[in-house]
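Undergrad: My questions all concern the structure below.
The values are calculated or read from the model by the stated rules, or taken from the named source; none is laboratory data. Since we're looking at a predicted model, the values are computed, not measured. Cβ: placed from backbone, ideal geometry, glycine included. Neighbour counts: every protein chain shown. All accessible areas refer to the heavy atoms of the entire protein, side chains included, with ligands and DNA or RNA removed. Shrake-Rupley method; radii C 1.70, N 1.55, O 1.52, S 1.80 Å.
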Amino acid sequence: MFTLTVVEDFSFFPFNFLFLFMFEPIPLNLPPYLSRITQKLDKLFIFDELRRKDLVLTPEEWVRQHWVHYLHKHKGYPKSLMRVEGGLKLNALQKRSDLVVFNNNGEKMLLAEFKSPTVKITDKAFRQIANYNSIYKIPLLVVSNGIQHYYCKIHFEENRFEFLPELPNYNSVLNL
């Protein structure tokens with residue numbers, strides 16, 4: 001097994017090294033963090049701090065792990081209140097939400113949908129999170145591909161929504 005700690009400055013990696021492992025991390029528009037990347041056979045894995053296990057490193061997982069780190073270290077969201085890939089039923093189909101964050105009372109307060117950095121955020125991503133939220137009824141939504149981020153506050157009682165210029169920190173969300 002090969003272990004590599006990945007940082008956001010990839011200029012020191014020789015091209016042959018990246019080609020050999022078929023992995024070229026894309027710097028994201030999120031604060032960098034040290035991630036634990038391992039190789040097992042012909043696949044790369046990233047350590048998921050929430051589930052405490054290695055997951056296949058996909059571009060979407062790269063974005064999700066950065067978001068988990070950002071929410072915890074920079075916005076004060078407790079890791080113990082985050083759940084990734086939670087299941088839900090939508091029109092009799094089993095779906096998985098990318099990330100749900102709860103408050104201290106166990107109520108869902110933030111729903112996030114992540115895309116690969118190469119996937120442009122379009123109406124399709126917003127429809128997807130809106131469909132999930134028709135089940136969940138969560139007041140704060142995040143849609144991100146790691147490069148572009150959108151934050152939306154849902155006002156259920158007024159049947160409207162508003163885009164926010166930035167994501168509130170955990171303590172601020174408790175007062176929304």
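Undergrad: For Asn104, only one of the following conditions fails: (1) closer than 21 Å to His74 by Cα; (2) touching a Ser or Thr at 6+ places or on another chain (Cβ under 9 Å). What is its number?
TA: (2) is the only condition that Asn104 fails.
Undergrad: Hey, among Gly106, Gly86, Gly146, which residue is in contact with a strand residue (DSSP E or B) (Cβ under 9 Å, 6 or more places away or on another chain) and at pLDDT below 95?
TA: Result of the check over Gly106, Gly86, Gly146: Gly86.
Undergrad: Let me ask something else. Could you tell me which of the residues Arg51, Arg64, Arg36 is among the charged types (D, E, K, R), open to solvent by 50 Å² or more (accessible area, probe 1.4 Å), at pLDDT 90 or above and not in a loop (DSSP other than H, G, I, E, B)?
TA: Arg36
Undergrad: When you scan the range 88-99, do you find a residue that is over 25 Å from Asn175 (Cβ atoms), open to solvent by 40 Å² or more (accessible area, probe 1.4 Å) and aliphatic (A, V, I, L, M), even just one?
TA: Yes, that holds for at least one residue.
Undergrad: Within the range 149-175, track down each residue that is open to solvent by less than 70 Å² (accessible area, probe 1.4 Å) and either among the hydrophobic types (A, V, I, L, M, F, W, C) or not in a strand (DSSP E or B) (or both).
TA: Cys152, Ile154, Leu164, Leu167, Pro168, Asn169, Tyr170, Ser172, Val173
Undergrad: Looking at Ile129, Ile138 in this structure, which one is outside any strand (DSSP E or B) and touching an Asp or Glu at 6+ places or on another chain (Cβ under 6 Å)?
TA: Ile129
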